[in-house]
Each structure stands twice: as C-alpha cells, then as structure tokens.
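Below: one structure, written as structure tokens.
Any read-out appearing in this document is the output of simple, stated calculations on the displayed coordinates, not a laboratory observation. Everything quoted here is computed from the prediction, not taken from an experiment. In this analysis, Cβ positions are derived from the backbone assuming ideal geometry, glycine residues included, and neighbour counts consider all displayed protein chains.
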Amino acid sequence: MPKRVWTMERVISDIQEMEKMGANLRHGSVQEEHKRLVSAAIRYFGSWRAAVEASGVDYGMLRKSSENVRLQKVGKWSNERIVQEIKELQSQNAEMNAVIIKNKYPALFSAAVSPRYFGNWRNALTAAGVNYDEILSKSPRGRPRRKDVWHAGLILEKIKEMAKDGANMDSDYVSARFARLHRLATIRFGSWHAALECALEESSD
C-alpha cells in the first residue's frame, strides 16, 4: 500500500469528514487515534485548533461543549479535582494564562482562585506542577510563524505593538480599523478585552 501523502487539502478534508460523523474533534481525543493527522495539521496550520477552524468548525464551541461534559462529571470541586482539570488542559496544550482560563473555563478558574482551595491561579498551577512564571515569560517571537496562520502569540504581539505606538485600543475603533486582528483576537481569547488584558499582562512582566 503506497504511503499516504498529507496535504493541506487532505487535512481539511479529513477533519470535515470526522465532523460529519460526529467525532470528538478536541485535540486530546483525536491525538489518541489519528496522530499522523494531528501532526500534519500542526505542520501546515501551526496548531490543531487552527486546522479545525480552517475546516469551518468552531473550535470555541468544542471547548465549551467539552467543559460542560467535564463539569457534569466534577459535581463538587476539591484541590485534587482542580489539579486534575489543570493537568487535563495541559495535556491538550491549552493556553494556561489566567486571563484566558478565566474567560474560557470560568468554573474551573473560580474554584481554583477561591480562598477555600488555592487562593489564586498561580498556586493552583504550582500544585499541578506547572511553572506560571515560565508561561508569562514565553516570548511570542520564539514561536513558529506562518504567513497564513494567526496563532495566539502573533495576535498578542500585534496588540502589544499597537499599544506601544500609542494606538487607540478601544474595541469599536480596532474593529473598524483592524477588523481581521479584532476578529481573530476575539476568536482566540473570547473577547477583545480579554486579548488586550493578556497582551498588557505579558508586557508588564
């Protein structure tokens, strides 16, 4: 049997076919049974999420659906459960920045920062074996670039450059003048405000 040749079109086609069949398209689930597809997707699109979105699937909705399923299983929060949830997100290569987690996984974040449990997000990550200082210190310039893919690091870099130049960072203004950046920032971080907060937080570290 000839070796299968992966192309950008083949990656998109396979993802769309899986979506039609109702398969779980979250990174962790696909990685278990379709490692070559995931590797090809990352090679062509920069990340699994970017490949899924390029296929016309709303990855944000996949995250929300997956979180709802997990929360139904959680029932009651505990230090152990919070650590388990953090490790699960880490295994999926999720962004672990506090602003992003607060926006995408509010229930987990609220429990983690509660005085009843860890008190703040840094303590929760430390308990899970994650170095939060390392997360904050990562430079977007150290991440791979692709002309056709706007990953989270590149979006934050663009926002920081605008802020440094004294540009108007109001959401309505940016949406009108820099529509693509505003749209992609909203998709990646949940809202323009969340993306702006994350960029400014990285700049201050």
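Some observations on this one:
- A simple spin-label model places the labels of residue 193 and residue 178 1.9 nm from each other, with each point 7 Å out along Cα-to-Cβ.
- Per-residue ³J(HN,Hα) for the range 118-132, Karplus 6.51 cos²θ - 1.76 cosθ + 1.60, θ = phi - 60°, Hz, x for Gly and Pro: 9, x, 7, 5, 4, 4, 5, 5, 4, 5, 8, x, 9, 8, 5
- Spatial offset of the range 166-196 relative to the range 34-49 amounts to 27 Å, using the alpha carbon center of each.
- What the Cβ-Cβ distance of residue 78 and residue 24 gives, at R0 = 22 Å and to the nearest 0.05, is a FRET efficiency of 0.25.
- Which of 169, 96 has the fewest Cβ neighbours within 10 Å, and the rest in rising order: 169, 96
- Förster-model FRET efficiency, 30 Å R0, residue 164 and residue 58, C-beta, rounded to 0.05: 0.40
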